[in-house]
Every structure is written in C-alpha cells, then in structure tokens.
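Scroll down for the structure; my scribbles are underneath it.
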Amino acid sequence: MVIRSKTLRLVILISTVLITLIIAIQLIWLQKVYLYEEKQFNINVSKSIRSLYTEMELVNDATDNVQKVIENVNPDVYLLKIDCSPNLDELWINLKAELTDFDVYTDCRASIYDPVLNKYTTEEYVNLPDAYFPSEKEQDLPVYLRDYAYIALYFPHRGQYILKQMLFWIASSGLLLVVLIGFGISIFYLYRQKFYYETQKDFVNNFTHEFKTPLAVIKIASDVLKQKNIVEKPDKLNNYAAIINEQTSHLQSQVQRLLEIAYTDRSHLPLEKENFDANELIKESINDLQPLIEQKNAVVNTNFSTPIADIKADKAYLRLCLINLIENAIKYAVEPAIDIDTYQQGNNFCVRVKDNGIGIANEHQKKIFDRFYRITEGELHSSKGFGLGLNFVKKVIDTHGGKIEVESEPGKGSTFTIGIPRS
C-alpha cells in the first residue's frame, strides 16, 4: 500500500503543479490583455485628440507635431494645449464625435484651464454610449499648473471600461478556473476513495493474517488432544491445553479490538462517568496483563505522586486505554522495562507510560493515532494488530476533553502521556 499511496500522491502533486501552472499562465495572459487594452485605449484617445486638433483651430500651427501639445499626466488625464478660446458648444460636440469615431465609449469630464486665474473656468460632462452615472463621491480633477491654457480630459472610469472590454477573456478564464478546480476536487475525491479502498483491503488482509495462525494452532492442538492415549501423557496434555488457552485469549483480544471499530466510527463516544481512584485502575490494568508480563519477563515500575487520585471519568474506556498503552510497551521491547508515573497538572490527572522499546520515527509520530495506520518498513508492517489501538485511545481521551502526547526516538523507546480532567 505504501508504493500505491506514493504513486497516487505523486499523481496529485503533478496535477496540482500543472493546475497551478495553468492558472499562473492565465493570470499572466489576462495581465497582458489588460496592458494591450490599456495601450489601445491610449492610442484611440490620442487619435481622437489629433483629429480634434485637425477639425478645430485650437493651436496656431496645426501642422506642428500634435504630440508635443498633448500631455498624458496620468493614465486617466490628458492635457491638450490650446492657443485660443474655442467655441464651447462646437468643442463639446466635436470632442464627443471624435471619441466615438475612434471607439472611445467611456464617459469623460472636460475642463478648460485658465493660466491667469490658475483654475478651471469651464467644465463639461461628455456623455458617451458606455457612460457611467456621475457619482457625488468622485474626486474633483486636480489643477495642473501650467503657463499655457489647456483642455483637461479626465476619464474617471477608464479602468472599469477596459475591464468591460476584457469581459470575454475574464469569463473564459473564470470558466477554465472553475473547470480546473472541479478537476482538482475530482482527483482528490478519487484519491480518497482509492485510499479507503486500499485501507479496507489491507484491513481484510491483516484481519485474515491475524486470525489464520491462532486458528491453525488451535486446530492442531485440538487434534492432538483428541488422541486416545493423550491422558497417559499429562505433560503433553497440559502443554497443548495451555496453547489452546493462550491462542483463545489472543483471539478474544483481537475480537475486542474489532469491536472497538464500531466505537471509533462514532464522532463522540457515549461516556458513563463515575468516581474512582485512578491509581487503583492502573494497578488493575497491570494485573490484567500479568500473563503477558510474565511471558516477556517485563519489569513494570509505578510512581504515583499522589496516594489517592480521585477522578470522574468512564472507567471501562479508561481501563482499555491504559491496557492498550502498557501492552504496546511490552510488545515492542526485547527486555521490557516500563515506568508508569502519575502526576497532577492543573485540573488534569496525567499518566505517563515510558518504555525501552523500538521507538517511533518522527515522520510516524503524527500518524500513529490515525485509524488503521501501522508503521511500515519497506513493504512490511513492523507493527502488529489492525492499527486501531492508539486511534481508540485518542478517541477516548479526546471525548473526555483531555489530550495525549508522544515523545519517541528510534532505538530508545517511547513515552506516552495522557491527561484528562479530574471532573
């Protein structure tokens, strides 16, 4: 499953990069289109002004380079030098005609500047086909001090007009963006479905593997016990009876873990809180694991900072959590040495389980509480079981409003600390 998951993640990564690249190209393209439309607008306005100079005698020498008498002080404002006082009615009519002739359809505010008075003496709103309604919030055109008279053309909605000209490109880019987002969501959804399918498949395989061996051993032992002369060999009888008992206990443990799946499916566990001594619960949990402790020659040390630790919690669930943590500490060590400490931290009662096991690499520490997650080495699972135990522990602690933390280093063991409110 590791290889398959890596392949799927690689596909998603490549798809994400491609989608990001396409979006970036679209944004760059839209920027270029905007710059082109802006340049085209400036060209059209300049052509309109040149034609206006040709149509009306605004300067003494119309044959001179008209560009010299046009000043574009900012993208929205053009200053047209004039040497005389034009007929205003004729000026406004010709200005509107020239702008529309050269495809400039956004509204324009035209003002005439008097260099003697240093202010605008006349202002006219040129209403064009794509004009916007004048707003009271629009700023007044600033006065540009010059030593000559000029006509100031101010296009207050130039930016909106250019964007309107780009409407097709914006709409097509938006549609492409929606398609790409939908494609990305589909890939993510398919990845999740594939992941769940592989997880379910691996779970069934693990389930089969975990039950196949104990059942085979029980079958062999039962066949031996059916032999007629078995009563004449009491040592062999006791040995095979012990094997059946051990394998049955193992199966019961695995069945218990499978039953926990039903609880881990729930977003919130139904708690039945009661008052009890947490120290005594820890002792009972250790006693439940006594056969395993003896089998592995494990050493379990306890250090209770408070002689009596009264808490209010779900005793059955908390017992399963403690058994889970202690059992893991025993299973994943060659010569298990376990330290269990309790202490008070604010209103939380804390239990720290420290072992000398194989440890957990840093990249796995955030995932070990995920459902069905098992640490792998290459294509082999280095951890036993179904990957449900720690997920169940975290679910119980979270439901109590507590927290669980892990500190570990490969080859040096792990320390799990749980903390739950005392009431």
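The values are calculated or read from the model by the stated rules, or taken from the named source; none is laboratory data. All of these numbers come straight from a predicted model, not from anything done at the bench. Here Cβ is always computed from backbone atoms with ideal geometry, including for glycine, and neighbour counts include all displayed protein chains.
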Inset, instruction - Output the number of residues of the range 283-319 satisfying the condition of being out of contact with any helix residue (DSSP H, G or I) (no Cβ under 7 Å at 6 or more places or on another chain) and crowded, with 17+ Cβ neighbours inside 10 Å. - result: 2
Inset, instruction - Select from the range 396-423 the residues that are β-branched (Val, Ile, Thr) and outside any strand (DSSP E or B) and list them in ascending order. - result: Val396, Ile397, Thr399
Inset, instruction - For the range 45-55, state whether one or more residues are out of contact with any strand residue (DSSP E or B) (no Cβ under 6 Å at 6 or more places or on another chain) and modelled with pLDDT under 85. - result: yes
Inset, instruction - Kindly indicate the residue of the range 71-103 that is of a type in the set (Val, Ile, Thr) and closer than 22 Å to Asp140 by Cβ and also surrounded by the most Cβ atoms within 10 Å (Cβ to Cβ) among those meeting that condition. - result: Ile82
